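J.: Let me give you the structure first, and then I'll get to my questions.
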Amino acid sequence: MVSPGQEHGTQTGPAEPGHDPSAPAPLDVPRTPTGHPTVDALLDRLADADHLATDGHVEVYEDVHRSLRDELTALDARQGPPVPSPPTAPPSSYDHRS
């Protein structure tokens, strides 16, 4: 006979002492450094969501997204090296008429 809560392979029992399943828990998503200090700091900010309830995640994600977008915009606005002109083709033998 199957006891209640064991249908479909689930088990019921006492929860771990002091463990609140509804409490915020780290997602432990690995973040690989980019080598760009500002971007790395923004990606590290995502870890702040690990300590918030789900309804607080949106604020962190939107803040990081906005800041990353601003950083990309700043990169686009920077003047880089001049773009080289395309090479000119040497005259071909077909251009010479006899």
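The values are calculated or read from the model by the stated rules, or taken from the named source; none is laboratory data. Nothing here was measured: the structure is a model prediction, and the numbers come from that model. Neighbour counts are summed over all protein chains in view; Cβ atoms, including those assigned to glycine, are modelled from backbone coordinates with ideal geometry.
J.: Could you say which residue among Asp63, Asp55, Asp44, Asp70 is at pLDDT 85 or above, under 18 Å from the mean Cα position of the chain (by Cα) and more than 18 Å from Val29 (Cβ to Cβ)?
T.: Among Asp63, Asp55, Asp44, Asp70, only Asp70 is at pLDDT 85 or above, under 18 Å from the mean Cα position of the chain (by Cα) and more than 18 Å from Val29 (Cβ to Cβ).
J.: Now a separate question. When the stretch 53-83 is examined, which residues are found to be hydrophobic (A, V, I, L, M, F, W, C) and touching a Leu at 6+ places or on another chain (Cβ under 9 Å)?
T.: Val60, Val64, Leu68
J.: Six or more apart or on different chains, Cβ under 6 Å: which pairs go from a residue in the stretch 58-76 that's assigned to a helix (DSSP H, G or I) to one that's surrounded by 11 or more Cβ atoms within 10 Å (Cβ to Cβ) and not basic (Lys, Arg)? Could you list them?
T.: Val60/Asp48; Val60/Ala49; Val64/Leu42; Val64/Leu46; Ser67/Leu42; Leu68/Leu42; Glu71/Thr38
J.: Another question about this same structure. Kindly check whether there is at least one residue in the stretch 20-29 that is assigned to a helix (DSSP H, G or I) and at pLDDT 75 or above.
T.: No.
J.: Right, something else. Scan the stretch 30-41 residue by residue and report those that are modelled with pLDDT of 90 or more and either of a type in the set (A, V, I, L, M, F, W, C) or loosely packed, with under 12 Cβ neighbours inside 10 Å (or both).
T.: Passing the criteria: Pro33, Thr34, Gly35, Pro37, Val39, Ala41.
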